[in-house]
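Comments concern the structure below.
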């Protein structure tokens, strides 16, 4: 290879590297609602998932720009390629122009469950449709709903009026209260239950009805190439498997296993 061609290739490579590292990822968040583990504080989207997104983009040399708009405008912006991704979008046949990944499958390494003593077992009937509306079937009033972390929500469970919120600092503290029969029901991390409870025969572990359908990030195929999406998803997985992920959990009050 002659020297001139080498210099040309070096310039092209450097330009491509600069472009990749200087990339601004535009994520659109709707102003109507937030997915689980997101909340607003001081005009900034916070929670475990946003912090992982920020860590992943920082590792790639990218920056994030949040775009807030009503749902329809967010969707149109994604279709036009004005933004790269729309958070909390539901996957459907009508939106085949978008590439998806399930944020929970990548980031959330631990299932959230309801834990109750078997002598206090119950059947959660979820919700039923009546004339197009959603009606929640309440738990008996003796049950107590425990939320471990302020700012987080549990979807449908938050709508059940007979569940009284009680706040504790750590899941293991909550499990100890259930074991001692001081409370009847708690929302826990499965890993903490498996680690903490020695005799599991007395307890029922139930997956709560958090949402009717999972949330996805929808990426615009027009403005976010498949190769870049793959690069981004791989970086998310690396964050999940790293010490940075444990630190993010800890920073948000989560004791990671």
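The values are calculated or read from the model by the stated rules, or taken from the named source; none is laboratory data. These figures come from a predicted structure and were not determined experimentally. Ideal geometry is used to build each Cβ from the backbone, glycine not excepted, and the neighbour counts take in all protein chains shown.
Could you check residue 202 against (1) loosely packed, with under 14 Cβ neighbours inside 10 Å; (2) in contact with a helix residue (DSSP H, G or I) (Cβ under 7 Å, 6 or more places away or on another chain); (3) modelled with pLDDT under 80 and say which number it fails?
Going through the list (1) loosely packed, with under 14 Cβ neighbours inside 10 Å; (2) in contact with a helix residue (DSSP H, G or I) (Cβ under 7 Å, 6 or more places away or on another chain); (3) modelled with pLDDT under 80, residue 202 breaks only (3).
Going by the structure shown, is residue 167 within 16 Å of the chain's Cα centre (by Cα) and outside the structural domain of residue 82 (by TED's automatic domain parsing)?
Taking the combined requirement at face value, the residue does not satisfy it.
Checking residue 128 against (1) at pLDDT below 75; (2) in a loop (DSSP other than H, G, I, E, B), which test does it fail?
With (1) at pLDDT below 75; (2) in a loop (DSSP other than H, G, I, E, B) applied to residue 128, the lone miss is (2).
Filtering region 98-118 down to residues that are surrounded by 13 or more Cβ atoms within 10 Å (Cβ to Cβ) and modelled with pLDDT of 80 or more, which residue is farthest from residue 237 (Cα to Cα)?
117
Specify which of the listed residues (247, 240, 226) is modelled with pLDDT of 85 or more and either more than 22 Å from the chain's Cα centre (by Cα) or within 27 Å of residue 24 (Cβ to Cβ) (or both).
From the options 247, 240, 226, the qualifying one is 226.
For the structure I just gave you, tell me whether residue 29 is surrounded by 15 or more Cβ atoms within 10 Å (Cβ to Cβ), out of contact with any helix residue (DSSP H, G or I) (no Cβ under 9 Å at 6 or more places or on another chain), at pLDDT 75 or above and within 16 Å of residue 220 (Cα to Cα).
No, not satisfied.
Looking at (1) outside the structural domain of residue 90 (by TED's automatic domain parsing); (2) outside any loop (DSSP other than H, G, I, E, B); (3) at pLDDT 80 or above, which is the only condition residue 191 fails?
Looking at each condition in turn, residue 191 falls short on (3).
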